Amino acid sequence: MVAGRAGGIPLQIPEECGGFLVDSVEECAEQTLRLLRNPDQAELLGNCGRQHVRERFLLTRLLSDELRLYSLLLERGPAFAHAAASGLDGEVRDPVCGIIVDPAEAWRATWRGGEHLFCSPTCRREFLADPDRFLRGTVRTG
């Protein structure tokens, strides 16, 4: 995929897979020709992009997260309601996209004395551009 670097597109197409983000018509044409001339690279990027979408954006993943949250809230009661913001049972979530993050593989950033973990450099960059946007209404510890 070749797409413009605007809105939520950078979160959906990480730099390391799925395609190329561009800033001009010329760059779009250049990257499109690159993919057409390199079908093996295009296939690898496409496979990576499909997996990225499957893991982060499909309704089944979102529903699974919601059901797990409801289940834990029902088991633990209202005092556990902050879990949606901070992750359930010790899971760590990216504050930008909400995906579960493996701390061993995460991208990191420090903001106001707290360390935040991200699934990709794109989410990290989005966070650092306006951290308060992503931290409003969350419960932070430490």
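The values are calculated or read from the model by the stated rules, or taken from the named source; none is laboratory data. What you are looking at is a predicted structure, and each value in this text was computed from that prediction instead of being measured. All Cβ positions, glycine included, derive from the backbone under ideal geometry; neighbour counts span all protein chains shown.
Quick look at the values:
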quantity: Residue within the stretch 89-107 that is of a type in the set (D, E, K, R), at pLDDT 80 or above and surrounded by fewer than 17 Cβ atoms within 10 Å (Cβ to Cβ) present; calculated: yes
quantity: Residues being under 16 Å from residue 53 (Cβ atoms), out of contact with any strand residue (DSSP E or B) (no Cβ under 8 Å at 6 or more places or on another chain) and free of Cβ contacts under 8 Å to residues at least 60 places away in the same chain - total across the stretch 13-34; calculated: 2
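Residues checked against (1) of a type in the set (D, E, K, R); (2) in a loop (DSSP other than H, G, I, E, B); (3) touching a Ser or Thr at 6+ places or on another chain (Cβ under 9 Å); (4) within 17 Å of residue 94 (Cβ to Cβ):
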position: 6; (1), (2), (3), (4): no, yes, no, no
position: 14; (1), (2), (3), (4): no, yes, yes, yes
position: 28; (1), (2), (3), (4): no, no, no, no
position: 45; (1), (2), (3), (4): no, no, no, no
position: 63; (1), (2), (3), (4): no, no, no, no
